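Below: one structure, written as structure tokens.
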Amino acid sequence: MYAYDELDRTLINERVSEFRDQVKRRLSGELTEDEFKILRLQNGVYLQLHAYMFRVAIPYGTLSSKQLRRFAHVARRYDRGYGHFTTRQNIQFNWIKLAELPDALADLAEVGIHAMQTSGNNMRNVTSDQWAGVAPGEIEDPRIWSELIRQHTTLHPEFSFLPRKFKIAITAAEHDRAAIKIHDIGLRLHKNADGETGFEVLVGGGLGRTPFIAKTIKPFVPGRDILSYIEAILRVYNQYGRRDNIYKARIKILVHELGIEKFAKEVDEEWKAMGDVGLTLDHTAIEEVRSRFSYPAYEKLPHMPDELKQAAHDKLFERWRKNSVSAHKVQGYSIVTLSLKPVGGPPGDATAEQMDAVADLADKYSFGEIRVGHEQNLALPHVAKRDLPALFKALDRLGLATPNVNLVTDIIACPGLDYCSLANARSIPIAQELTRRFANHDTADLIGRLHINISGCINACGHHHVGHIGILGVEKNGEEFYQITIGGRADENAQLGTLIGPAVPYAEVADVIEDIVEAYLALRDRPEELFVDTVKRLGVEPIRERVYATR
Amino acid sequence: MTSPLEQKKIRITGPSVVTANRTWDGAVVYRTAKQGWSTELADSAIVNTSDEARALLAEATADDVGAVGPYIAPVELKDGGKVKPGNLREHIRAKGVTIDLQVPA
Ligand code: HEM
Ligand code: SF4
């Protein structure tokens with residue numbers, strides 16, 4: 001957990017009273033919508049189809065049980081009893097009234113939660129691996145660095161008026177769970193040959209209308225220099241970035257147009273020319289932030305407790321354990337993923353009752369801590385293995401033990417046309433139908449790891465370009481159509497998917513996806529060959545042939 | 001459903017209404033013939049020509065305190081004078097999400 005300091009708390013409270021005043025002036029007509037819009041966006045308030053939407057940041061995906069309970073309270077008191085966890089370690093409330101928003105913000109501020117930098121052309125929530133600090137083999141806890149960057153960039157004038165929004169993600173593990181290659185800046189923590197800790201810096205990733213996978217700009221930047229190096233990148237970006245055209249304003253376009261070598265050279269020159277701008281992180285500064293992260297007092301526990309041996313006879317428990325329970329860096333503990341993807345449910349939604357119950361379970365079994373990942377699931381990061389059987393029973397009762405993590409029904413989907421005013425087509429009902437088609441867990445197990453991502457328009461909030469199967473809503477003559485890509489991935493081998501054929505109407509999407517999966521099952525050379533690997537080995541053509549032969 | 005938020009040229013091809021979101025709570029509202037807003041589509045002022053549409057939109061836009069982001073949306077007129085939303089987007093705005101939210105028992 002991270003303890004906010006006094007400065008942060010004062011800042012958050014000031015923002016609430018400032019916003020309360022702004023809302024009052026808006027409702028009285030003193031402020032026009034044009035004047036107010038930028039102010040509400042700075043506080044995470046969008047306008048959707050049916051209501052205002054309120055986006056709240058969950059820095060590096062770490063929440064306390066107290067904070068989660070407060071989300072439940074906001075959902076119940078000001079919304080319709082649920083919230084939506086997004087791919088950027090945020091939660092969104094869909095039905096909030098403008099007149100009540102200042103109260104909701106104030107209630108959240110009491111537990112150190114805010115909505116700053118969840119929208120607008122600024123530095124957004126710095127995301128990280130949801131298993132940070134507990135994943136085995138991690139170099140060190142990447143959240144320390146997320147926090148250092150967050151502190152440096154929060155409300156910093158230079159980062160508040162960028163040509164466009166700016167997103168950074170950090171990972172410190174071998175396997176990239178933070179999707180760093182699709183961020184404006186991706187940071188991979190590693191050690192160089194001298195054993196010094198630093199970052200591989202990637203730049204220019206992003207999806208949307210013009211998707212790009214980030215490229216490495218510098219293989220190693222020492223940790224103490226990371227702020228000044230990011231500063232150099234932003235200076236070059238601020239200097240060249242296109243403010244004239246919103247579609248070309250992201251750093252990915254600049255990197256693409258200049259080429260990574262030239263861009264890297266510009267940044268290096270800027271970095272040298274900057275000299276010492278007071279951004280070098282000394283040991284004390286880093287340790288100060290490190291000391292604010294507290295870790296539980298783990299017990300010394302056996303690797304294989306009796307409770308686990310006994311429960312091994314329970315088939316349902318075993319299936320869930322194999323699917324949703326992962327190794328922890330401390331012996332006797334596990335990381336447990338809570339699937340927010342029940343069969344037939346909207347991906348990423350949680351009811352107030354579920355949030356309260358998860359908070360209670362976190363207190364009982366996970367030292368009061370919860371994590372939120374970009375796959376729109378939750379996790380309990382410190383569960384003693386002996387408690388797994390009891391936890392399973394409790395989660396199952398709550399509908400949070402669907403054994404489908406990383407499987408075909410663990411779908412990432414944006415809100416789409418059911419909520420979003422920019423949408424071409426619906427996302428959630430497509431996801432719901434697919435979870436029903438693949439509801440049989442044995443079939444899903446047989447298929448193996450397969451990520452389906454759905455976006456309702458080209459903004460790509462559902463990361464469709466990097467889904468193993470990507471589904472993008474488009475419009476044709478006023479009807480909902482969907483383009484389907486295959487072979488994308490968002491991890492350390494990130495890649496954009498390839499279009500498999502012409503767009504299909506709403507009613508046919510699930511059939512086509514079933515056919516794609518069947519084609520894969522027929523074509524894979526052994527059961528362990530994952531969907532993406534089969535596509536990589538064979539290319540799109542053999543799958544296209546099978547799927548479109550009869551259409 | 002191309003987002004109608006950036007309507008530039010106003011040209012309508014059938015019966016239309018002006019819709020927006022109510023400022024204080026964001027609810028979907030329709031401009032009435034009495035220069036007010038209603039949450040009921042049935043109460044909306046229906047226009048049939050581009051000139052009428054332009055005039056209704058201008059009048060609605062002037063009420064910046066009442067509602068946010070007004071635009072022209074198509075409707076269908078059924079026998080007996082019943083008004084229906086003219087496309088899926090407007091259907092969802094009028095009737096709510098097409099998802100049955102799952103609430104645990
Ligand atoms: C419903 C209200 C939402 C609106 C109006 C909205 C709007 C947008 C827009 C306009 C962009 C493109 C910006 C650009 O390329 O410069 C974008 C990108 C993005 N949104 Fe959303 N979004 C919404 C909800 C969500 C949700 C619910 C999620 C997560 C599930 C999400 C995650 C993202 C992500 C990850 C990107 C970046 C994609 C990229 O790399 O380009 N958004 N959003
Ligand atoms: S991808 Fe498009 S439809 Fe989906 S949430 Fe983003 S802006 Fe809305």
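Count, please, the residues in the stretch A:45-58 that happen to be more than 7 Å from chain B (Cβ to nearest Cβ) and in a strand (DSSP E or B).
Taking the stretch A:45-58 as the starting set, the residues that turn out to be more than 7 Å from chain B (Cβ to nearest Cβ) are A:45-46, A:48, A:53-58.
Restricting the remaining residues to those that are in a strand (DSSP E or B) gives A:45-46, A:53-57.
Count: 7.
For the stretch A:411-423, check the following and say yes or no: at least one residue is at the interface with chain B (Cβ under 9 Å from one of its Cβ atoms), part of a loop (DSSP other than H, G, I, E, B) and away from ligand 1 (no atom under 12 Å from the Cβ). Within the stretch A:411-423 (the criterion being at the interface with chain B (Cβ under 9 Å from one of its Cβ atoms), part of a loop (DSSP other than H, G, I, E, B) and away from ligand 1 (no atom under 12 Å from the Cβ)), the answer is no, since none of the residues qualifies.
Pick out the one residue from B:Pro74, B:Pro70 that is open to solvent by 50 Å² or more (accessible area, probe 1.4 Å) and part of a strand (DSSP E or B).
On the way: B:Pro70 fails: open to solvent by 50 Å² or more (accessible area, probe 1.4 Å).
Result: B:Pro74 is the single residue among B:Pro74, B:Pro70 that is open to solvent by 50 Å² or more (accessible area, probe 1.4 Å) and part of a strand (DSSP E or B).
Checking the structure you have, find out if any residue of the stretch A:366-382 is within 12 Å of another protein chain (Cβ to nearest Cβ) and open to solvent by less than 20 Å² (accessible area, probe 1.4 Å).
no
Scan A:Asp442, A:Asp491, A:Asp525 and give me the residue that is away from chain B (no Cβ under 14 Å), within 16 Å of ligand 1 (Cβ to nearest atom) and surrounded by fewer than 19 Cβ atoms within 10 Å (Cβ to Cβ).
Values: A:Asp442 fails: within 16 Å of ligand 1 (Cβ to nearest atom); A:Asp525 fails: within 16 Å of ligand 1 (Cβ to nearest atom).
Exactly one residue qualifies, and that residue is A:Asp491.
Checked against (1) away from chain A (no Cβ under 14 Å); (2) open to solvent by 20 Å² or more (accessible area, probe 1.4 Å), B:Asn87 meets all criteria but (1).
Scanning the stretch B:47-64 for residues that are among the aliphatic types (A, V, I, L, M) and surrounded by fewer than 17 Cβ atoms within 10 Å (Cβ to Cβ) yields B:Ala55, B:Ala58, B:Ala62.
Kindly check whether there is at least one residue in the stretch A:228-237 that is part of a loop (DSSP other than H, G, I, E, B) and either open to solvent by 60 Å² or more (accessible area, probe 1.4 Å) or not hydroxyl-bearing (Ser, Thr, Tyr) (or both).
We begin by selecting, within the stretch A:228-237, every residue part of a loop (DSSP other than H, G, I, E, B); these are none.
Among the residues of the stretch A:228-237, not one is part of a loop (DSSP other than H, G, I, E, B) and either open to solvent by 60 Å² or more (accessible area, probe 1.4 Å) or not hydroxyl-bearing (Ser, Thr, Tyr) (or both), which makes the answer no.
Within the option set B:Ile10, B:Ile46, being among the β-branched types (Val, Ile, Thr) and more than 14 Å from the chain's Cα centre (by Cα) holds for one residue only, B:Ile10.
Set side by side, the residues A:Ile469, A:Ile458 differ, and just one is within 28 Å of A:Leu202 (Cα to Cα), away from chain B (no Cβ under 14 Å), out of contact with any Ser or Thr (no Cβ under 7 Å at 6 or more places or on another chain) and not acidic (Asp, Glu), which is A:Ile469.
With the requirement that a residue be in a strand (DSSP E or B) and touching a Gly at 6+ places or on another chain (Cβ under 9 Å), what does the stretch A:59-82 give you?
In the first step, residues of the stretch A:59-82 are kept if they are in a strand (DSSP E or B); the result is A:62-64, A:82.
Across the stretch A:59-82, the qualifying residues are A:Thr62, A:Ser64.
The sole residue among A:Leu202, A:Leu207, A:Leu189 that is within 25 Å of A:Ala178 (Cβ to Cβ), within 16 Å of ligand 2 (Cβ to nearest atom) and open to solvent by less than 40 Å² (accessible area, probe 1.4 Å) is A:Leu207.
A single member of A:Glu475, A:Glu508, A:Glu518 is open to solvent by 10 Å² or more (accessible area, probe 1.4 Å), assigned to a helix (DSSP H, G or I) and either within 14 Å of chain B (Cβ to nearest Cβ) or within 27 Å of A:Ser324 (Cβ to Cβ) (or both), and it is A:Glu518.
Is it the case, given these coordinates, that A:Ile253 is more than 16 Å from ligand 2 (Cβ to nearest atom), in a helix (DSSP H, G or I) and in contact with a Ser or Thr (Cβ under 7 Å, 6 or more places away or on another chain)? Spell out the reasoning first.
Working: more than 16 Å from ligand 2 (Cβ to nearest atom): yes; in a helix (DSSP H, G or I): yes; in contact with a Ser or Thr (Cβ under 7 Å, 6 or more places away or on another chain): yes.
Here the answer is yes, as A:Ile253 does meet what is asked.
Applying a threshold of 8 Å to beta carbon distances and a minimum spacing of six or more residues, or different chains, the list of pairs starting in the stretch A:78-89 at a residue that is touching a residue at least 12 places away in the same chain (Cβ under 8 Å) and within 15 Å of ligand 2 (Cβ to nearest atom) and ending at one that is open to solvent by 20 Å² or more (accessible area, probe 1.4 Å) and not in a loop (DSSP other than H, G, I, E, B) reads A:His84/A:Asp349; A:Phe85/A:Asp349; A:Thr86/A:Arg55. Looking only at the stretch A:325-346, which residues are open to solvent by 10 Å² or more (accessible area, probe 1.4 Å) and either outside the structural domain of A:Val372 (by TED's automatic domain parsing) or part of a strand (DSSP E or B) (or both)? The answer is A:Val325, A:Ser326, A:Ala327, A:Thr337.
Scanning for something crowded, with 20+ Cβ neighbours inside 10 Å, within 16 Å of ligand 2 (Cβ to nearest atom) and outside any helix (DSSP H, G or I), does the stretch A:394-410 turn up at least one residue? No, the conditions are met nowhere in the stretch A:394-410.
Let's see how each residue does on (1) at pLDDT 90 or above; (2) within 14 Å of chain A (Cβ to nearest Cβ):
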position: B:Glu40; (1), (2): yes, no
position: B:Ala55; (1), (2): yes, no
position: B:Gly66; (1), (2): yes, yes
position: B:Leu77; (1), (2): yes, no
position: B:Gly80; (1), (2): no, no
position: B:Thr98; (1), (2): yes, yes
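Scanning the stretch A:356-383 for residues that are assigned to a loop (DSSP other than H, G, I, E, B), over 13 Å from the mean Cα position of the chain (by Cα) and touching a residue at least 40 places away in the same chain (Cβ under 8 Å) yields A:Phe367, A:Gly368.
The values are calculated or read from the model by the stated rules, or taken from the named source; none is laboratory data. Being a predicted model, the structure only gives us computed values, none of them experimental. Note that we place each Cβ from the backbone using ideal geometry, even for glycine, and neighbour counts take in every protein chain shown. Keep in mind that these areas ignore ligands, DNA and RNA; they rest on the heavy atoms of the full protein, side chains included. Shrake-Rupley method; radii C 1.70, N 1.55, O 1.52, S 1.80 Å.
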